[in-house]
Amino acid sequence: MSVSAVLKAYWPYVKSQKGWVFLSYFGACVGVLAGVYGPWLYKALVDSITNNLNDPSKADLLRILLTILIVNLIGWLGYRIGGFVSSYVQPIIMAEMDRKNLDNLLGHSYQFFTNSFAGSLLRKIQRFSRSFERIMDETEWNLFPLFITIAVAFGGLYLRNAILAWSTLGFVCVVILVNVLFSKWKLKYDLQRAEKDTEVSGALADVIGNSVNVKLFSGYAFEKNKFFSVTEELRKLQNLTWYLGEANFALQALLGCFLEFGMMYLAVSYWQKGLISVGDVILVQGYLIALIGRLWNVGRVMRNLYEAFSDAQEMVEILDTPHGVKDAKGAKQLKITQGKIEFVKASFNYNQTREVLKDFELSVEPGERVALVGPSGAGKSTIVKLLLRFYDLDGGKIFIDGQDVKKVTQISLRDQIALVPQDPFLFHRSVRDNIRYGRRDASDQEVEEAAKLAHCHEFIEKLPNGYETFVGERGIKLSGGERQRVAIARAILANAPILVLDEATSSLDSESEAMIQDALRNLMKNKTVLVIAHRLSTIMQMDRIVVVEDGRAVDQGSHQQLLAREGLYQKLWTIQAGGFIS
Ligand SMILES: Nc1ncnc2c1ncn2[C@@H]1O[C@H](COP(=O)(O)OP(=O)(O)OP(=O)(O)O)[C@@H](O)[C@H]1O
Ligand SMILES: [Mg+2]
């Protein structure tokens, strides 16, 4: 764990609010200082009483009592300033952190998201800002006050009696040392407990996410037992770490008892020898109470700080990861004049094990409609992801109207390409907002027109709240075919010069598909179109068919031309045509 890396990540946020943050700490310090001044005043009060036992009228009691009142009021004011200002400034800083972190996260590549779990990313973002709150609270209300109390108690006692001061300091050091060593030793169990805790959350998420499978395969008893054993392991670790915590408390409290006895014994014997006054005995007692009160917390404060720093660290690691796919320096906007697409010797692999594309060559003329066909896993969807620059090529180039996709801004590139993906996901928002995502300034009327063209309108009208119906997480409340039609409507609305359909109609029955073909034909007019399809009805309408096998364009031509050759296309066609006939 790197404390400095976390502090460095927090610094810009603190800096932007440094006046308020400082004021908050300052207020808390004033409060603590006023508090530790108390024993000194009580010493003065007692001294004044004992010195004037014979002539009480001379005792300057009212002045001292008023001073105590004023000091307490100053302390009150300091604490209130500290409290209110941190209540004001912490939410500002935390909100800013969440915003910037989401910003940073969304800048990460497609690959980054395919490699991480949404749930854990979400937790990391939230923990980063919550850790800030914990660190600020612990330092402001516990750690700094502890140091101030130690320093003031030592100084105050030193003025009266050096031996008393040094022995107090010695004891404080022993308690802190015991705590540090104990917490360090206990850390391995704390980490095990935290790991188990995460495992329990993961197990819960897995079972809840798969509730359908549990029902389907009658896994109720099985899951119950499985969850029982994970929670049982967590319980054991929880018990162990909490017992250890209690043991630490016990040890500390015992040390506290002996400290109090030892110090008071010293103080009383010094008084007997006439070395210190009765007020000084009160002073010692006052500082002892203040110190023991603060030290009591040391173990908990340290554990909290440790946890907060290690929680924040997880997000810092993400923040330190460079964005995989970045806009080139001085990247220009993509300007589409005609819509020509070229793949030149494009090579790519997801990981080092297998090349997915090998010297892939493809040239799509402006306004041309090209179908990519080929067996599953051939690399068709990958070609689309590369065109959209979800990944960077390992070799070769991709041009749109002569501009390298790597050298234009990602936003301008994706703005000009409308994609209907193989498995479209929707936001958990209204159907209307989902369609409007294609062009966010579209009017309600435009949204509905697009929905009609994509044949969504029919089913949307039947939804309980029509266009305002929420579609569920990732669009789960719609059928596969309905989701695809929403995605098509979205693409219709986007109306980009390049259109890519990745099996856009695969989940539709023949009748709906025929209806949509009609809409798609309209949509394809005057656009460069890349279609990945298995259905011959779709493929046959294209200007040209490119056969992809093992990441290479192995053949191309019209349906008739390809059929005439005895190649992969003919094989695919025979299988499917055969399948249709039987
Ligand atoms: N994110 C990924 N990480 C690693 N490998 C991947 C990833 N996505 C795809 N692949 C692999 O790359 C190969 C090509 O996948 P791709 O999705 O391009 O195939 P496809 O031609 O679209 O197939 P289908 O017709 O089944 O959709 C497959 O072998 C697949 O396992
Ligand atoms: Mg695919």
Discussion item. Let me check I've understood the local charge: for Glu458, count other residues with C-beta under 13 angstrom from its C-beta, Lys and Arg +1, Asp and Glu -1. What total comes out?
Written reply: -1
Discussion item. With every protein chain kept in place and ligands, DNA and RNA left out, what is the accessible area per residue of the chain? Probe 1.4 Å, answer in Å².
Written reply: 54
Item to complete: Provide, as a two-decimal number, the C-alpha radius of gyration of the range 435-582 over 2.2 N^0.38 Å, N being how many residues it has.
Response: 1.18
Worksheet item: Classify the range 422-495: rounded, prolate or oblate, from the alpha-carbon gyration tensor (a ≥ b ≥ c, eigenvalue square roots; a/c under 1.5 rounded; otherwise prolate if a/b is larger than b/c)?
Response: rounded
Item to complete: Could you look at the chain and say what percent of its accessible area is carbon and sulfur, using a 1.4 Å probe and all protein chains?
Response: 60
Worksheet item: Over the range 516-582, what is the mean sequence separation of C-alpha contacts under 8 Å (at least six apart), divided by residue count, expressed as relative contact order in percent?
Response: 17
Worksheet entry | Exposure rank, largest accessible area first [Phe144, Phe390; 1.4 Å] | Phe144, Phe390
Practice prompt. Determine the alpha carbon to alpha carbon distance for each of Lys124/Lys215; Lys326/Lys397; Lys397/Lys527; Lys335/Lys452; Lys406/Lys452 and list only those over 28 Å.
Written response: Lys124/Lys215; Lys335/Lys452; Lys406/Lys452
Item to complete: Just order 88-98, 39-49 by mean Cβ neighbour count inside 10 Å, highest at the front, would you?
Response: 39-49, 88-98
Worksheet entry | Karplus 3J(HN,Hα) series, Hz, for the range 563-576 with 6.51 cos²θ - 1.76 cosθ + 1.60 (x for Gly, Pro) | 5, 5, 7, 8, x, 4, 4, 4, 5, 4, 5, 4, 4, 6
Worksheet, complete the sentence: When every protein chain stays in place and a 1.4 Å probe is rolled, Met540, Met515 sorted by accessible area with the largest first are Met540, Met515
Worksheet item: Accessible area of Arg544, 1.4 Å probe, to the nearest 10 Å²?
Response: 40
Item to complete: For every other residue with a beta carbon closer than 15 angstrom to the beta carbon of Gly438, add +1 if it is Lys or Arg and -1 if Asp or Glu, then tell me the sum.
Response: +4
Practice prompt. Could you work out the local net charge near Ala514, counting Lys and Arg as +1, Asp and Glu as -1, over the other residues with Cβ closer than 15 Å to its Cβ?
Written response: -2
Item to complete: As a check on your grasp of the helix formula, calculate [θ] at 222 nm for the chain: sum -39500 (n - 2.57) over DSSP H runs of n ≥ 4, divide by the residue count, round to the nearest 500.
Response: -22000 deg cm²/dmol
Discussion item. Could you report the accessible area of Lys186 in Å², rounded to 10, computed with a 1.4 Å probe on the protein chains as they sit in the structure?
Written reply: 10
Fill in: Arg436 accessible area, 1.4 Å probe, all protein chains in place, Å² to nearest 10
50
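The values are calculated or read from the model by the stated rules, or taken from the named source; none is laboratory data. Computed from a predicted structure; not experimentally measured. All Cβ positions, glycine included, derive from the backbone under ideal geometry; neighbour counts span all protein chains shown. Each accessible area value is taken on the protein alone, full model and side chains, heavy atoms only, with ligands, DNA and RNA left out. Shrake-Rupley method; radii C 1.70, N 1.55, O 1.52, S 1.80 Å.
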